[in-house]
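A quick write-up on the structure given underneath.
The values are calculated or read from the model by the stated rules, or taken from the named source; none is laboratory data. Quantities reported herein were computed from a predicted structural model and do not represent experimental measurements. Cβ atoms come from the backbone with ideal geometry, glycine included; neighbour counts cover every protein chain shown.
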Amino acid sequence: MGAKVRLCVAFGVVFFLFGVSTPIPIFAQDFYKRKTIRFVVGFAAGGGYDLAARVVSRHMQEASRFLDGEAENVNR
């Protein structure tokens, strides 16, 4: 009987710790809400790095339901 009680207590503690450690959405902050994210590319336009930054920013704009902002490229 003692082993069953210890097992139940151990499962209870594990489930309690799992429930406490999960993130709570109400405490999440909207850091990028309605802000513009700038990708600063240190190379000339038309190169490989510029192309990669444009692909990433395009995909971020398509996933705007997660960011609620815009993404732009700046070549310098």
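Could you please let me know if F16 is modelled with pLDDT of 70 or more, in a helix (DSSP H, G or I) and not acidic (D, E)? Don't jump to the end; show me each part of the working.
Values: modelled with pLDDT of 70 or more: yes; in a helix (DSSP H, G or I): yes; not acidic (D, E): yes.
Taking the combined requirement at face value, the residue satisfies it.
Only one residue in R58, R34, R6 is more than 16 Å from R76 (Cβ to Cβ) and either touching a His at 6+ places or on another chain (Cβ under 7 Å) or at pLDDT below 75 (or both). Which one? Give the steps one after another, and end with the answer.
Working: R58 fails: either touching a His at 6+ places or on another chain (Cβ under 7 Å) or at pLDDT below 75 (or both); R6 fails: either touching a His at 6+ places or on another chain (Cβ under 7 Å) or at pLDDT below 75 (or both).
Result: R34 is the single residue among R58, R34, R6 that is more than 16 Å from R76 (Cβ to Cβ) and either touching a His at 6+ places or on another chain (Cβ under 7 Å) or at pLDDT below 75 (or both).
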